[in-house]
1. Could you please let me know if C:VAL139 is β-branched (Val, Ile, Thr) and touching a strand residue (DSSP E or B) at 6+ places or on another chain (Cβ under 8 Å)?
2. Could you say whether any residue in the stretch A:544-554 is under 29 Å from A:PHE512 (Cβ atoms), in contact (Cβ under 8 Å) with a residue 60 or more places away in the chain and in contact with a strand residue (DSSP E or B) (Cβ under 9 Å, 6 or more places away or on another chain)?
3. Quickly run through the stretch C:8-17 and pick out the residues that are crowded, with 17+ Cβ neighbours inside 10 Å and either at the interface with chain A (Cβ under 10 Å from one of its Cβ atoms) or without any contact (Cβ under 8 Å) to a residue 12 or more places away in the chain (or both).
4. Within the stretch C:87-126, which residues are hydrophobic (A, V, I, L, M, F, W, C), in contact with a Phe, Trp or Tyr (Cβ under 7 Å, 6 or more places away or on another chain) and surrounded by fewer than 16 Cβ atoms within 10 Å (Cβ to Cβ)?
5. Just one of C:THR248, C:THR266 is surrounded by fewer than 18 Cβ atoms within 10 Å (Cβ to Cβ), at negative phi and either out of contact with any helix residue (DSSP H, G or I) (no Cβ under 9 Å at 6 or more places or on another chain) or more than 14 Å from chain A (Cβ to nearest Cβ) (or both); which is it?
6. With the condition kept exactly as written, say whether any residue in the stretch A:255-265 is in contact with a strand residue (DSSP E or B) (Cβ under 7 Å, 6 or more places away or on another chain), closer than 25 Å to A:CYS323 by Cβ and among the small types (Gly, Ala, Ser).
7. B:LEU233: aliphatic (A, V, I, L, M), in a loop (DSSP other than H, G, I, E, B) and without any contact (Cβ under 8 Å) to a residue 24 or more places away in the chain, yes or no?
8. Of the conditions (1) crowded, with 23+ Cβ neighbours inside 10 Å; (2) farther than 22 Å from B:GLY260 by Cα, C:THR302 fails just one. Which one is it?
Amino acid sequence: MSAALKVPSAPQLRVRDLRVEFPTRRGLLTAVDGVSFDVAPGEVLGLVGESGAGKSLTGAALIRLLEPPGRIAGGEIELGGQRIDTLPAEEFRHLRGGRIAMVFQDPLTSLNPLFTIGDQIVETIRIHLDLSPENARKRAVALLEEVGIPAPAERLDAYPHEFSGGMRQRVVIALALAADPAIVIADEPTTALDVSVQAQVIAVLKRLCRERGTSVILITHDMGVIAETADRVAVMYAGRIVEIGPVREVIEAPQHPYTRGLMGAIPSLEGSATRLEQIPGAMPRLDSIPAGCAFNPRCAFATERCVRERPAPMPSGNALVSCFLVADGTLKPHAKAKADSGVHAADVGPAAGASAPLVAVENLTKVFNVSRPWLYRVLQGEKQRFLTAVDGVSFAIPRGHTFALVGESGSGKSTVAKTIVGLVRPTAGRIMFDGTDISSDEAKGADAAIRQRLTMIFQDPYASLNPRMMAAAIVAEPLRAFQPDLSRAEVDDAVAELLGHVRLSPKDGVKFPHEFSGGQRQRIAIARALASKPEFIVCDEPTSALDVSVQAQILNLMRDLQDELGLTYLLISHNLAVVRHMANEIGVLYLGRLVEVAPAHELFSAPRHPYTRMLLAAVPSMDMTDRAAPAVQGEIPNPINPPSGCTFHPRCPLADDRCKRERPPARQLGASQVACFKAEDAVP
Amino acid sequence: MTDDTASAPLSPLRARLRSWAHSDVLYSFRRSPTIVVSALVLAVILMGALLAPLVSPQNPFDPASLNLMDGKTPPMTPNQFTGESFLLGTDDQGRDVLSVILYGSRISLLVGFASVLLSAVMGVLLGLIAGYRGGQIDNLIMRVADVQLTFPSILVALMIFGVVKGFLPPQAHENAALPVLIFSIGLSAWPQYARTVRGVTMVERNKEYVQAARVIGLRPMIIMTRHVLPNVLGPVLVIATLGLALAIISEATLSFLGVGVPPTNPSLGTLIRIGQEYIASGEWWILFFPALTLLALSLSVNLIGDWLRDALNPKLR
Amino acid sequence: MLAFIVQRLLQAVLVMLGVALVAFSMFRFVGDPVNNMMGQEATIQERREAAERLGLNKPVPVQFALFVKDTASGNFGVSYRQGRKVSTLLIERLPATLELAAISAILALAFGIGLGVYTAINRFGLGARLIMAGSLIGVSLPTFLIGIGLIYLFAVELRWLPSFGRGQVVKIGWWSTGLLTESGRKSLILPAITLGLFQMTLIMRLVRSEMLEVLRTDYIKFARARGVSDRMINFSHALKNTLVPVITITGLQLGSIIAFAIITETVFQWPGVGLLFIDAVQFVDIPVMSTYLLLVALVFVTINLAVDLLYYAVDPRLRVDRAAAAH
């Protein structure tokens, strides 16, 4: 076997032919099917794949924490040369936390809320190491110090809810490393965190494991995190590893057709082609995995052999690839076209900024009253508390353009979206649509005509479709609401046409939402949005719940529809690469304030606001140039008590006294509008 | 979703049927022998009660068909005076126990279904309003529900029973007994529904598909009936089933306590009350068979309710 | 902490006032209080005097205020049926009910929590399945049938235990207790089991489902990943988290034991307030009914207050909400 599977020194972890099965009423489902890999001491192995690929189950199987009825049905697992999958349960328990540790996705639910973090760390230490309570406590303090918890000795007696999300994930890492394990399995350790916090947590995990020589299996769907962190990467598809090799080679010259498609589907920060590469279809469900190569129905190169016979991992270069076409040389390694740093596609939008804007948001402010019950306040001498979710936001969107709002949690981007479509009433400010104020009280009465012209696409395609309505009825709902005099046949025709618009077939209309995949559901949601023939669509994180290959399909669809129908988009997203791919102009929100508005290329090539720069630096990049550790500090403050002056000043490297006192106004700087006193000092 | 990709589009009705036939609920029903048996038991009792005038050997409400000499005849043995034989024996007044059970089940089921209907309609309406509107209305409804939930339903029913009785002239008591019973039990159970419906409504109201409907500009009434109500029905069905068992037990308990239906109009509870007086003297059948029927009825309904709760709860699947 | 207690106390007072309003309305508007008290034969003069004495001529809110004042000072009026002061009746009957309820509550709590934890941990074991099946029968069996069944078995067939009454009681001041004599203790066994069984099954099922819920959480999974033993997970991590929601609902359940005692007391002819109440309902004896309502409310409110304090002690998230808000 090649270097990709075997590692030079004796492996820390050796996995051979691992199978995980789930007996269900629909038969035996094989969720992990013949997975083999090695992990060297101190090595970081990335395990990447889209949802349903079996990557998390592989991790759970290694530490024997599969949820019943899931079970390991075959294969061998060796840790440090010792077979561990055959160990009796009680012996295996001592391995857990001792030699194999685990970090889960959601730091908010990983810690027991009723025990102090000190209790939990000391408990773990004393299970695995023979230490007195005092010494265990000392060790716990040292661990917290190492993961970067300030004042660790005092914080030891705090409860989990007293920590922020990023700090809790640091505590979880401290817990995982409490007994110096040989290997840590990190299952999407940063997915629940904001970008700027994610970078810090990844840095901590990486540093500590390197210092201790701990191996890591990093399970994630985020290729960027893998590119920045892993030494080698295994790409999983439908329960199998399709390609495993050194991370640089897999990313820069992917070999397996699936890996190639995946890499092409990821939008990048550096600018990209007009359309993303897209793989047709979706990952098969476990009860219908195709025979032969599981990828063959979606593969452009598939031959008859691929349908008939299942490819074993075969060496190719430094990698192992499960593909006949790669093995027999039909497919050569596919060097990814280097991003042309020329003009970005979205920059040449239709008739840029010629006419009056279609949508203009003027000084929009939304304040929520989040006070506790009056009695509480009276007794505790508390004042009423207000959360300023949106604070004086202004921007304009020309017809046919895509304007994007980016920001982390608490930035108010979703509130802006909801205010525009009328789900939330603004506290102050105006929203002008084609010259009409649609936020005022007078607009309320006569707004059916205007309402029809603007609509919204939501984030979660699993929650945005009523599970009890069939697709056709969902799509027809706006038609019936706005054109009640349509006949039944007319509605049916219109629905069929709309489904066609989003590349679904009319016979999908009689299916219920649960019969569709996530991407198909989002298409139905888009069809519903198009039903009222809108001119303007607010897209609230339209792809953040989808896998990358499906995301590419949806983004391409949105672009096509914009061209076909001349739509104007407001795109809300936390994903900078998606924004880069889609938007003409971008506004950056921080704690409810717009800190920078700039044309897309301008924002990415010359970010002016220190926060924008920090955000860009924090995004894990597939471009493998080794950057210095990003200078990201701190976490987003509680929006109920925002810092004075410029709300970013506590995290800003340039902040001075004036920034603490005064709120910087937005001012024009080149093509950008920046709300920062120091923007000139920051040389990009 | 793979089986019919080639076939022609289905009609919406057939699509719904197909979705139901493939559902986990039906699957888990067929897979559970206990539930199938429960459903059968319930069906037998329901049929017996519905068809009581046709199938029962005697009309226990008709004094002319009764013979005091038949009193306390043991099951399946001829009476020592009249030589008549009764399958399940007779009570102290010579009423055939089987007939009384059949007619008594009618009353139990009538009270059960009617009071569940009353509390469900009331609870669902108030719960929907509280959950969708929020604010002061929500506060008021839920405070009242909380305070009422504090008191066991049997106590609330007794209180309402007593108060209504105080309002009615004494001669009306006999005729009003059944409606009063239904009203008392029904009114005592609405907070259960209201609380659950409110909870579900608040969750559904914030779901994106309801927001999508609001963006279209649909009126709250339409959103409630088209989008929220269907999602509320599952949990309501569960509470209603478990509530049916509870209502049947409540009726039996009230009748047993002597405040339910009058003794001339026997329900299962009344029969058990009569039977209790005779357990020490050996006439066990007067108590035993009605008690068994009551248990079979409430147990099968409870089993079905319990199973429904698990089958409809996606978290447990 | 102070704010928390004051808030809960105020809530309790509000609930009591609400219930008092219901009780007052019953007293004032169900039938004619004068008729009820004086009977049909009273002269017009007597009626007028009675109405005067009861304050029926005053505005209704003033009447309500007077009613609250009277009630708070222990004056619950006179029973229509027995012609005796309700407070005297209560003092006679209350000890019997309280003793019965306390013993049942202890039984229900001890077995309910124990069996709930057992069935949750050994979810698929034979014992747990049998207990669960039995509990469903327990929920489906009306309390009075359980009582009758127990009487039949232990009193009629085996003749081990008495079938009705309290046995011999001993007076300690105004309190009469059955706990100090053998016949008193023997008499208590069957009613206590009857009353406690239903509550026990409810508590058991609740503890089980809450615990199963907790065992599914991420922090339990993470505790397993840390190598914590099953024993520690079940009895330290999971149990503590289970108890938080269980405390509230269990408190409510125990509060209702007093009211459920009505049925048990009827079956066993137990001379407590429940028997008094059922009598009152049959004869529409409003003063007794409304007093009973207030009594149940008071028990509930007291238990609820205790539960809230307990909750506060168990769950740190309530304690440190200030720190969390300022994080």
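1. Working: β-branched (Val, Ile, Thr): yes; touching a strand residue (DSSP E or B) at 6+ places or on another chain (Cβ under 8 Å): no.
When the stated conditions are applied, C:VAL139 does not pass them.
2. Within the stretch A:544-554 (the criterion being under 29 Å from A:PHE512 (Cβ atoms), in contact (Cβ under 8 Å) with a residue 60 or more places away in the chain and in contact with a strand residue (DSSP E or B) (Cβ under 9 Å, 6 or more places away or on another chain)), the answer is yes, since at least one residue qualifies.
3. Scanning the stretch C:8-17 gives a single hit, C:GLN11.
4. Residue satisfying the conditions is C:ILE91 alone.
5. Values: C:THR266 fails: surrounded by fewer than 18 Cβ atoms within 10 Å (Cβ to Cβ).
Just a single option satisfies the conditions, and that option is C:THR248.
6. no
7. When the stated conditions are applied, B:LEU233 does not pass them.
8. (1)
The values are calculated or read from the model by the stated rules, or taken from the named source; none is laboratory data. None of these values were measured; they are calculated from a predicted model. Note that we place each Cβ from the backbone using ideal geometry, even for glycine, and neighbour counts take in every protein chain shown.
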